[in-house]
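Data block below; observations after.
Values quoted throughout were computed directly from the atomic coordinates according to the rules given, and no laboratory measurement underlies them. Predicted model, so just to flag it, every value in this text is computed and none were measured. Counting neighbours? That spans all protein chains shown, and the Cβs are built from the backbone with ideal geometry, glycine included.
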C-alpha cells in the first residue's frame, strides 16, 4: 500500500455542488473538481479527520464527498473525529453514513478525540494521548487489511480511464 497524502481539503477550493452533470457521470468541468477527482481516484484508502459542528461534519467535507461519486468506490476509510465531550462522534456517524452511499467501506472502528483543545500545545501541535495512538495504530492495520480485500472489487486504473474518456 503506497502512502500518499491528498492534503487539506481547503487547498482544493471546491465549488459548492457546482457541476452541470451528476457526479456519477464523471464529466467534471470545474478545474478544482477535476483535481479533486484525480486525487481521490488515485488513492486506495482514506482517513477523514473531521470536527463536529452542530452534530454534523462541516459542509465543505460533505460537499467534497458528494461532488464526485465513482472515484470513491470500493475503498475503505477510517474516520477520526474531534470536538467537545462527545469527541465528534455524532459527526463521525453522519459522515460514515454518507460514505456508504458512495460505496466507501467506513471502518467500524472510529477514533473520537474529546475535549480536543486539551490536546493542543501552545505551538498548535496535536498531542494525542495513549488511547488515541493505540486507536490510530489499530485503524491503520485494519485499513491495510480492507484495502487489500476490496482491491478485487475496483476496476483497474486503465479501465477506469477508458470509461471516463468514453463518457466525455
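Peptide packing for 35-45, 121-131 was compared via the average number of neighbouring C-beta atoms within 10 Å per residue; ordered from the highest value, the list is 35-45, 121-131. Note on residue 42 and residue 122: with the Förster distance fixed at 41 Å, the Cβ-Cβ geometry gives a FRET efficiency of about 0.65. Our summary gives the stretch 11-163 a relative contact order of 21 percent, counting only alpha carbon pairs under 8 angstrom and 6 or more residues apart. Peptides 135-146, 8-19 ranked from most to least packed, by the mean per-residue count of other Cβ atoms within 10 Å: 135-146, 8-19. Across the stretch 76-150, Cα pairs under 8 Å and at least six residues apart give a relative contact order of 36 percent. Taken along the Cα-to-beta-carbon direction at a fixed 7 Å, the label points for residue 109 and residue 144 span 1.1 nm. For the chain, adding -39500 (n - 2.57) for each run of n ≥ 4 DSSP H residues and dividing by the number of residues yields -12500 deg cm²/dmol at 222 nm.
Which of the peptides 94-102, 21-29 is most tightly packed, and how do the rest follow, going by the mean number of other Cβ atoms within 10 Å of each residue?
Details: 94-102: 16.7, 21-29: 14.8.
Ranked from most to least packed, the peptides come out as 94-102, 21-29.
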